[in-house]
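Here the structure is laid out as structure tokens; the discussion comes afterwards.
The values are calculated or read from the model by the stated rules, or taken from the named source; none is laboratory data. Given the structure is predicted, the values throughout are model-derived calculations rather than measurements. A quick note on method: Cβ atoms are made from the backbone with ideal geometry, for glycine too, and the neighbour counts reach across all protein chains shown.
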Amino acid sequence: MTWKTLETRIVFDNPWITVKEDKVINPGGGNNDYGHIHFKKTAIAIVPLDDNGNTWIVGQDRYTLGEYSWELPMGASEAGEEPLDTAHRELKEETGLSAREMKPLMKLHTSNSVTDEVGFVFVAEGLSEGDTQFDEMEVLDIRKLPLEEVVAMIGRGEMTDAISVAAVLRVWSDQIRSSADTT
């Protein structure tokens, strides 16, 4: 048996999310109330990589966490915007970087027990530097670091954003596999 929705009530709605409460029959046949968040935009993250193995991360105070967060450059797609176009735009806005190449890396569901949020990650290469174009709510610190240092930050618990952690570890593991294949 699969989930069956009996009734849906919208609890909250704004331009970014809708919070819903559903009355459902669960796969075991029981009745439940199930709250979940629908994201209206797609999350897009970018792992910028230069020829020396460096990447860029951004730090900002995250209201929802009540703490400072180190993350990859990322943002949300606008209505009708393709993920690749969002990746180029967000990379430029948050780091000032432009990429000659933007390759898809992975698709993620961030917390699929309570949200339908989808994230896409790209690897940006062939980088050139320029000026940032922060959004009104963004006050960002930008760091250029060796990828290995960002992996170490993850290990020390200094980077906890799920999309950033997954993407950095994926790129790092791909690099390890690639170097093992060439030896």
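Which pairs do you get when a residue that is without any contact (Cβ under 8 Å) to a residue 12 or more places away in the chain and under 19 Å from ALA166 (Cβ atoms), found in the stretch 48-63, comes within reach of a residue that is in a strand (DSSP E or B) and hydroxyl-bearing (Ser, Thr, Tyr), reach meaning Cβ atoms under 7 angstrom, with the pair 6+ apart or on two chains?
Listed by first residue and then by second, the contacts come to ARG62/SER69.
Quick one: in the stretch 67-93, which of the residues that are within 14 Å of ALA45 (Cβ to Cβ) and among the acidic types (Asp, Glu) is modelled with the lowest pLDDT?
Filtering first and then ranking leaves GLU93.
Filter the stretch 13-44 for residues that are outside any loop (DSSP other than H, G, I, E, B), within 26 Å of GLU90 (Cβ to Cβ) and of a type in the set (Phe, Trp, Tyr) and give the result.
Scanning the stretch 13-44 gives a single hit, PHE39.
Check every one of the strands (runs of 3 or more DSSP E) wholly within the stretch 46-85 and list those with 3 or more residues that are surrounded by fewer than 19 Cβ atoms within 10 Å (Cβ to Cβ).
Fully inside the stretch 46-85 and qualifying: 54-62, 67-71.
Exactly one condition in (1) under 18 Å from ARG62 (Cα atoms); (2) touching a strand residue (DSSP E or B) at 6+ places or on another chain (Cβ under 7 Å); (3) in the same structural domain as ARG62 (by TED's automatic domain parsing) is false for THR110; which is it?
(3)
Look through VAL24, VAL19 and report the one residue that is in contact with a Leu (Cβ under 9 Å, 6 or more places away or on another chain) and of a type outside the set (Phe, Trp, Tyr).
VAL24
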